[in-house]
Amino acid sequence: MAIRFLGRVIVSLAILAFLVGLMLHFHLAAYAYLESAFTGSLAIYLWTRPSVRSLARTLLLSAAFGAIYGVVHSVPGVGAYPAFLGLGSLGSLGLAAVWSGPSQRQTSLDTCLTASMFPLFLILSGFSLAVTSVAHPMTYDLFLYAFDEQLGGQPSFLAGQLFARFGALRQMCYVGYEALPLAMAVAFAMERSRPRGHLSSIMPAFAVAAAGGFLLYNLYPAVGPVHVFGAQFPYSPPAAGLPPFRLVAVGDAPRNAMPSVHIAMALLILWNSRPWPGVWRVLAGALLAITALATLGFGEHYLVDLFVAVPFALLAQGLAASGVPWRNTGRIACVGTGALAVLAWLTYLRLPSPPLAGRGALIWSLLLGSAAASVILESRLQRAVVQAGVPALGRVNEGEYTGPLRAPG
């Protein structure tokens, strides 16, 4: 008994030490995107309806983490408080998993792992993206820039100028852009708590989009105009017809422009928000709109990146639709169309002498057509699921929670 108690104490200290090390190493309060990911952990935790004892433990741990951070780095701002609460919720869930009885241990562990997914996902993504800058010193940015020029201008430069003129709009888009991990966590929690059925768990769709995005980043490395043109962005775009179609050497920026996984994730949230209450669906639509403007205005993407993200999201949705058998023609159409459209655009965008150069109206038609076809196919797949009565993963009655979304005491 004493040995078991000592073992639990050691494991508990190890969990807390790991969280402290994670917090300090990645400078939790210095990166809004990381703050959003840990706030997502808090959202998952709160969705489990934790007990008063669990909440008290979380608050104490959060205060301790914040105090340690303040001593080692600097006193965090008010905006970082939700992130420290998320870190505290992970600590509380971890301790509950260690000290729970046999009947609750697995549930406690599942809850802890679920709440940990979004920070770990972001950290792993950071390491993966760092690899792209080393593996691909040359990028296709000038190809994408020239393509956008054929659409009638440079939307990213225009959006950047809009941000420079309207600071409030820029700040709103910045918050929305950085809040994507939190939105993903809320989407997961909403899905698990709603009684209506849909395709499958949204997490596989997120995972497919993340893995597929990393693959495509290496097939078509690009960084965005702000990293290529520097001080020229957003007021001094190169003249029409320039720069030429050639690879360009850039710095250490991650090669994560083509396609825009930010847009793909926001679109997956919107597509999977159908069973949610109306206000949440409106928020999902607003998130997509804000994300689209932010990706352009901050110079991280070209307009074509956003369009290619639509069939890419369709591909992720189709691959993750585990509630639909592979023989279903709707699912086959989603996967096939999404894959072919993405590969077709990436192939075209690599051509040094594109055959449609100068035919802006036709290019616009192809872009809008591939996006519209993707939206229609996804909608048909969803209708097929509803008509077949496919139950949602984690379907529960109102007010009840199952699986990892049940908080330990």
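The values are calculated or read from the model by the stated rules, or taken from the named source; none is laboratory data. Bear in mind that the values here come from a model prediction, so they are computed numbers and not experimental data. Glycine also receives a Cβ, built like all others from the backbone with ideal geometry; neighbour counts cover every protein chain displayed.
In the stretch 192-202, is there at least one residue being buried (at least 19 other Cβ atoms within 10 Å of the Cβ), part of a helix (DSSP H, G or I), in the same structural domain as Gly224 (by TED's automatic domain parsing) and not small (Gly, Ala, Ser)?
Yes, the stretch 192-202 contains at least one residue that is buried (at least 19 other Cβ atoms within 10 Å of the Cβ), part of a helix (DSSP H, G or I), in the same structural domain as Gly224 (by TED's automatic domain parsing) and not small (Gly, Ala, Ser).
Name the single residue, out of those in the stretch 297-337 being touching a Cys at 6+ places or on another chain (Cβ under 9 Å) and part of a helix (DSSP H, G or I), that is surrounded by the most Cβ atoms within 10 Å (Cβ to Cβ).
Leu314
Can you list residue pairs whose Cβ atoms sit under 6 Å apart, with the first residue in the stretch 218-229 being of a type in the set (Gly, Ala, Ser) and the second being outside any helix (DSSP H, G or I)? Count only pairs 6 or more apart in sequence or on different chains.
Filtered contacts from the stretch 218-229: Ala222/Thr139; Ala222/Tyr140; Ala222/Ala257; Ala222/Met258; Gly224/Ala257; Gly224/Gly299; Gly224/Glu300; Gly224/His301.
At pLDDT below 90 and touching a Ser or Thr at 6+ places or on another chain (Cβ under 8 Å): does that describe Thr58?
no
Do you know which residues across the stretch 33-51 are surrounded by fewer than 16 Cβ atoms within 10 Å (Cβ to Cβ) and either under 14 Å from Pro82 (Cβ atoms) or of a type in the set (A, V, I, L, M, F, W, C) (or both)?
Correct list: Tyr33 only.
For the stretch 80-138, which positions are farther than 27 Å from Gly213 by Cα, hydroxyl-bearing (Ser, Thr, Tyr) and in a helix (DSSP H, G or I)?
Across the stretch 80-138, the qualifying residues are Tyr81, Ser89, Ser92, Ser103, Thr107, Ser108, Thr111.
Which condition does Ala183 not pass, out of (1) under 23 Å from Arg49 (Cα atoms); (2) of a type outside the set (Asp, Glu); (3) part of a loop (DSSP other than H, G, I, E, B), if it passes all the others?
Of the numbered conditions (1) under 23 Å from Arg49 (Cα atoms); (2) of a type outside the set (Asp, Glu); (3) part of a loop (DSSP other than H, G, I, E, B), the odd one out for Ala183 is (3).
Test each condition in (1) surrounded by 19 or more Cβ atoms within 10 Å (Cβ to Cβ); (2) in contact with a Gly (Cβ under 8 Å, 6 or more places away or on another chain); (3) not acidic (Asp, Glu) for Leu95 and report the one that comes out false.
In the conditions (1) surrounded by 19 or more Cβ atoms within 10 Å (Cβ to Cβ); (2) in contact with a Gly (Cβ under 8 Å, 6 or more places away or on another chain); (3) not acidic (Asp, Glu), Leu95 misses (2) alone.
Out of contact with any strand residue (DSSP E or B) (no Cβ under 6 Å at 6 or more places or on another chain), among the charged types (D, E, K, R), surrounded by fewer than 24 Cβ atoms within 10 Å (Cβ to Cβ) and not in a loop (DSSP other than H, G, I, E, B): does that describe Arg281?
For Arg281, the condition - out of contact with any strand residue (DSSP E or B) (no Cβ under 6 Å at 6 or more places or on another chain), among the charged types (D, E, K, R), surrounded by fewer than 24 Cβ atoms within 10 Å (Cβ to Cβ) and not in a loop (DSSP other than H, G, I, E, B) - is met.
From the list Tyr177, Tyr140, pick out the single residue that is of a type outside the set (A, V, I, L, M, F, W, C), within 20 Å of Leu42 (Cβ to Cβ) and out of contact with any strand residue (DSSP E or B) (no Cβ under 7 Å at 6 or more places or on another chain).
Criteria check complete, one pass: Tyr177.
Looking at (1) in a helix (DSSP H, G or I); (2) modelled with pLDDT under 95; (3) out of contact with any strand residue (DSSP E or B) (no Cβ under 9 Å at 6 or more places or on another chain), which is the one condition that is false for Ala168?
Among (1) in a helix (DSSP H, G or I); (2) modelled with pLDDT under 95; (3) out of contact with any strand residue (DSSP E or B) (no Cβ under 9 Å at 6 or more places or on another chain), Ala168 violates only (2).
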